[in-house]
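One structure is given below, represented as structure tokens, and several questions about it will come after.
Rule-based calculations on the coordinates, nothing more; no lab input. Just so it is clear, the model here is predicted, and its values are computed rather than measured. Counting neighbours? That spans all protein chains shown, and the Cβs are built from the backbone with ideal geometry, glycine included.
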Amino acid sequence: MPSRFIGLAFILISIFFASLMIILIKLLSEDMNIFSILFYRGFFGFILSLFFFIKIDFRELKTKKIHIHLIRSIINALALYFWFTSLTLSSLADVSAIGNSAPIFATFLATLFMKEKVILSRIIAIFLGFIGVIIILDPSFNNIEKGHYYALMSAILWGFLVIYLKSLSKTENYFSVIFYFQLFLFVFFGTVFFSYIVIPNTFNFVLILLMALFGNISQISYFQALKYKDISFISPFEYLRFIFITIFGILFFSEFPEISTYIGSLIIFVGILIININIKKISNSFKL
């Protein structure tokens, strides 16, 4: 199977399970604080990741890029904090829409630091997605909430995070990437914010396990996608996360989007379609 389709399959799996994880976080935030959710996300994510190591040699965890793992983990932890917090302050649709600006930052940073070529069709797809997000939020920006700022900060940090993940994907296996991140996440939040950690009830405990499982699947799939395709190819497909989250928001929280949401979503879909259109003349003539 061509690497194009393998990479696409992995990114779709990643987006789907990331969307499910977001719904679980929204549910958990009704009874638990963000620090507790982040701690359990790291702790049980780490425990679940150990099951993957049963079939591998632990020597695969050896790395010469522990500093990159540490920086990546710090950025990821901060991004998750801002993202999780934004989910408690604003609607799923708004937060998801703002979060979709992450591919713009990721593609820009990939071009700047990794010298990736970005053909015109990809630029058009990304900016159409951005326009769609603006329409969803309201072009006048008169109703900006605190949660919107948190979501934007998370999106910027995610752009940097993708750069580090791409760098790690060249030499590291996904076992080590998941292992070191989960370890850092629960150790950091478990020690620094120990006094904030609360014990979950039985129902929330089940949700926490599912959250950790879905988060791990999403991370592994995204990391694998980066092995097959570059960032500028993967990024536009992340707009699908908004579609998934909007559907889940209607099903679980009765959050029905405004008409502008549907218009913006249609524009985003057009952008995603453009990314798959092979326009040789344009692609060969406009390379950045």
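Quick one: what are the phi-derived ³J(HN,Hα) couplings along segment 27-36, Karplus 6.51/-1.76/1.60 with θ = phi - 60°, whole Hz, x for glycine and proline?
Each residue of segment 27-36 in turn: 5, 5, 5, 6, 10, 10, 7, 5, 5, 5 Hz.
Spelling out what I want: for every residue of segment 194-200, take phi, set θ = phi - 60°, compute 6.51 cos²θ - 1.76 cosθ + 1.60 (Karplus), and round to whole Hz; glycine and proline get x.
4, 5, 8, 6, 10, 7, x
Sort 126-134, 97-105 by packing, meaning the average of other beta carbons within 10 Å per residue, with the highest value first.
The packing order, highest mean first, is 97-105, 126-134.
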